[in-house]
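What follows is one structure encoded as structure tokens, with my remarks underneath.
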Amino acid sequence: MHQRKSKKILIYFFLLLLVGSINNVGLNNLRFKEIKDINIVGLSDIDNTILLKEIKDLNLENIFLIDRNEIDNQIGLNSLVEKHDIFKRYPSSLDIKIKKTKFLARISNDGKIFLVGSNGKLSKNEYSNNQLPFIFGNPDINEFLNFKKIIDLSKISYDEIKNVYFFSSKRWDLEFRNNIIIKLSNNYTKESLNLVLDFLHSNEFKDIKIIDARIKNQIILND
């Protein structure tokens, strides 16, 4: 009985070596296809082409071994991208879908005009006309984005704004396209913006050019 068990163990051992050898030969001969196609949609043809070249410069290997973080980081460097998705199309293609950022304003930086995107990044001023509000001052971009959010929550139409002015005290002024200026405190709320808008729409104050709302619970009008 003991000899039979020993023979069975020996047979299983040789079978295991044989199967392992066959598998090793198969793995050594197996070659995954390199990525042949990368398809990008969401930007203009020119910007898609530029981003495609930057991704190809990463020298991606086959689709099973690509570093997703490496691609994400490269796409994240592009100021036009709000967000993106990457889809693998086996055996050798990638599809990249881009959501382009929305331009919200213009701002001067180091003597040059840039566009402020909803992604908090600055882009060269070559993608839009001059109808966007201009930001005067030097705010942190996130400060502006928070300010924009409160405006959007209020009754004020952002499209009616011509310029915004930022002060070192963290205070903002708004200038509308009809040249009316609103001076806000540094603790403005959507309610205070709505209150100012009520004055703007009042026929009694139609000739007013400056609305000063810097003092809490007070509105000062200047013609």
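Each reported figure results from applying straightforward, stated rules to the coordinates on display, with no laboratory input. Here the structure is a predicted model, which means the values were calculated and not measured. Here the Cβ positions follow ideal geometry from the backbone for every residue, glycine too, while neighbour counts run over all protein chains shown.
Packing order of peptides 159-167, 37-45, highest average first: 159-167, 37-45 (average count of other Cβ atoms within 10 Å over each peptide's residues).
Across the range 62-70, computed HN-Hα scalar couplings (Karplus, 6.51 cos²θ - 1.76 cosθ + 1.60, θ = phi - 60°) run 6, 5, 7, 10, 5, 9, 4, 5, 5 Hz from first to last residue, x flagging Gly and Pro. Taking 30 Å as the limit for the C-alpha separation, the pairs LYS121/LYS162; LYS36/LYS112; LYS56/LYS148; LYS83/LYS149; LYS112/LYS155 exceed it in the case of LYS36/LYS112; LYS56/LYS148; LYS112/LYS155. Among HIS84, HIS201, a tally of other beta-carbon atoms within 10 Å of each Cβ gives an order, fewest to most, of HIS201, HIS84.
When DSSP beta bridges are limited to those with both residues in the range 37-100, what percentage is antiparallel, rounded to the nearest 5?
Working: 8 of 13 bridges.
Once the DSSP bridges in the range 37-100 are tallied, antiparallel ones form about 60 percent.
Scattering from the range 103-222 was approximated by placing one identical point on each alpha carbon and applying the Debye formula without solvent; log10 I(q)/I(0) at 0.21, 0.23 1/Å stands at -1.22, -1.41.
Between LYS170 and any residue 5 or more places off or on another chain, the built amide H atoms are never under 5 Å apart. Beta bridges from DSSP with both residues in the range 100-223: antiparallel share about 70 percent, rounded to the nearest 5. The distance between label points at ASN130 and ILE66 comes to 4.3 nm (points 7 Å beyond Cα on the Cα→Cβ vector). Couplings 3J(HN,Hα) of the range 85-95, computed from phi: 10, 10, 10, 8, 10, 5, x, 8, 9, 10, 10 Hz, in residue order, whole Hz [Karplus 6.51 cos²θ - 1.76 cosθ + 1.60, θ = phi - 60°; x for Gly and Pro].
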